[in-house]
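Values quoted throughout were computed directly from the atomic coordinates according to the rules given, and no laboratory measurement underlies them. Since we're looking at a predicted model, the values are computed, not measured. For neighbour counting, all protein chains shown are included, and Cβ atoms are generated from backbone atoms with ideal geometry for every residue, glycine included.
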Amino acid sequence: MAKNVLVTGGAGFIGSNFVRYLLETEPQVQVFTLDLLTYAGSRENLKDLPDPARHTFIKGDICDASLLSGIFNQYEIDTVVHFAAESHVDRSITGPEAFVRTNVNGTFELLQAARKAWLHEKPPLDEPVRFHHVSTDEVFGSLGPGDPPFTETTPYSPRSPYSASKAASDHLVRAYFHTYHLPVTISNCSNNYGPYQFPEKLIPLIIFNALNGKDLPVYGDGQQVRDWLYVADHCEAIWQVVKRGKTGETYNIGGGNQPTNLEIVQTLCAILDELRPNSPHRPHAGLIRFVADRPGHDRRYAMNIGKIERELGWRPKENLASGLRKTVQWYLEHTGWIESIRQGSDLTGWMEKNYANRGGNA
């Protein structure tokens, strides 16, 4: 039974939601968040936590070996849930170095710290420790229109610096299982959405821009297909894998849907039309602008989640319609969080430069 859980990247989008999930559902667990607070991580995401006495925040870099060693020893960490990563594809295209450093080197240092703290000589694999690595469906590459969804055995074919760095980190985690018998699990998830998502990602970007009457940039023809996973469902799935998943195994986690990006944007506009009937920008779909496509943009992702359903009994609770509505409502009710994030980051300048280079205004 997990007692002291280290959540890396716990001040980011998925990580902060996971910290809340643990504090709400596991009253015996102490949670330790390690985050460097780069542009996408913020203490704002960790305000008003449930039972905050069981949470400790540590500002630091997962590439810092001495810091990691001290954390494992001081807090007797028995479980790692590793979210910390550079995660935005566009940023990986313009600045890939940070992605290799954090996603590859950082994962290596974290594996080393866990190995030194837990293994000593050569304990049995059922020792009550667990290293869970959170990865992405992007490591599998792009699907054609008639291709079957990704499974856990789909060959890796990363196509961006971001997905290549995540693929490398996945391989390192598996290597530490096979070589050193480190008790690990891996999950590959589809596109997450929900509360506390940094505003450069598609769904919050569309919500913010629509509310302010700005253009809604859609890459290419908008027909790229993704599977969308509500973040609370993802958190529940991860914890099921940590507690009950088989050591050394990988589990795909997805939302069971395949809308196009354009359909997502149009749905968000329709929800905003309904929830903000007095907006001067209605109909919000009139703000949609097609911009030049991202270099190497994968056309389609789809996830087969049969394994986690069969072995762990997990299925997403939210469908796309209910999850999108909850997401829009959350952002409408948390305008203070939005302003804090926008003022404390380089978001505005970066987005304007990024989309201006593609023929649109963000």
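With both labels modelled 7 Å from their Cα along Cα-to-Cβ, the E311 to D48 distance reads 3.8 nm.
All other residues whose Cβ lies under 11 angstrom from that of Q224 are scored, Lys and Arg at +1 and Asp and Glu at -1, for a net of 0. The P(r) of segment 263-334 has a tail past 18 Å containing 60 percent of all C-alpha pairs. Looking at the chain, the DSSP beta bridges with both ends there are about 5 percent antiparallel. For the chain, the relative contact order comes to 18 percent (Cα pairs under 8 Å, sequence separation of at least 6). In this structure, the amide hydrogen of T136, modeled 1.01 Å from its nitrogen in the peptide plane, lies closer than 5 angstrom to those of C189, counting only residues at least 5 positions away or on a different chain. Between helix 320-333 and the chain there is an angle of about 80 degrees, using the helix long axis and the longest principal axis of the Cα atoms. Pull out a ≥ b ≥ c, the square roots of the eigenvalues of the alpha-carbon gyration tensor of segment 126-282, then state rounded if a/c is under 1.5, prolate if not and a/b is larger than b/c, and oblate in the remaining case. Because a/c hits 1.5 or more and a/b exceeds b/c, segment 126-282 counts as prolate. A simple count of charges around H281, restricted to other residues whose Cβ falls under 12 Å of its Cβ and scoring Lys, Arg +1 and Asp, Glu -1, yields +1.
For the chain, the 222 nm mean residue ellipticity estimated from helices alone, with every DSSP H stretch of n ≥ 4 adding -39500 (n - 2.57) and the total spread over all residues, rounds to -12000 deg cm²/dmol. Cβ crowding within 10 Å, taken as a proxy for footprinting-reagent exposure, orders D221, D137 from fewest neighbours to most as D221, D137. Counting charges near L111 (Lys, Arg +1; Asp, Glu -1) among other residues having Cβ under 12 Å from its Cβ returns a value of +1.
For S322, S340, the sequence from fewest to most other C-beta atoms within 10 Å is S322, S340. With 24 Å as the limit, the listed pairs K59/K243; K59/K116; K3/K116; K47/K307; K47/K214; K243/K317 have K59/K243; K47/K307; K47/K214 beyond it between alpha carbons. The distance linking segment 4-34 with segment 302-326 is 21 Å (Cα centroid to Cα centroid, whole angstrom). Modelled this way, with points 7 Å down the Cα-to-C-beta line, the labels at H297 and Q74 are 4.6 nm from one another.
Across segment 159-220, Cα-Cα distances exceeding 18 Å account for 59% of all pairs. Its Cα centre serving as origin, the chain has a Cβ charge dipole (Lys and Arg +1, Asp and Glu -1) of approximately 160 debye. For segment 1-73, the ratio of Cα radius of gyration to the globular rule of thumb 2.2 N^0.38 Å stands at 1.04.
Taking only Cα atoms, what is the 0 to 90° angle, nearest 10, from helix 347-356's long axis to the longest principal axis of the chain? Compared with the principal axis, the helix lies near 60 degrees. Which residue, Y230, Y162, Y331, tops the fluctuation ranking in a GNM of the chain built on C-alpha contacts under 10 Å? In the Gaussian network model the winner is Y331.
Using only the alpha-carbon atoms, how far is helix 65-75 inclined from the longest principal axis of the chain? Give it as 0 to 90 degrees, nearest 10. Taking the Cα atoms of the chain, the angle to 65-75 is about 70 degrees. Given the options T153, T56, T38, state which has the largest fluctuation in a GNM of the chain using a 10 Å cut-off (strictly under) for Cα springs. Among T153, T56, T38, the largest mean-square fluctuation in the Gaussian network model of the chain belongs to T153. By the count of neighbouring beta-carbon atoms within 10 Å, fewest first, D147, D64, D227 end up ordered D147, D64, D227. Here the alpha carbons of segment 59-208 define both size measures, Rg and Dmax, at 16.7, 53 Å.
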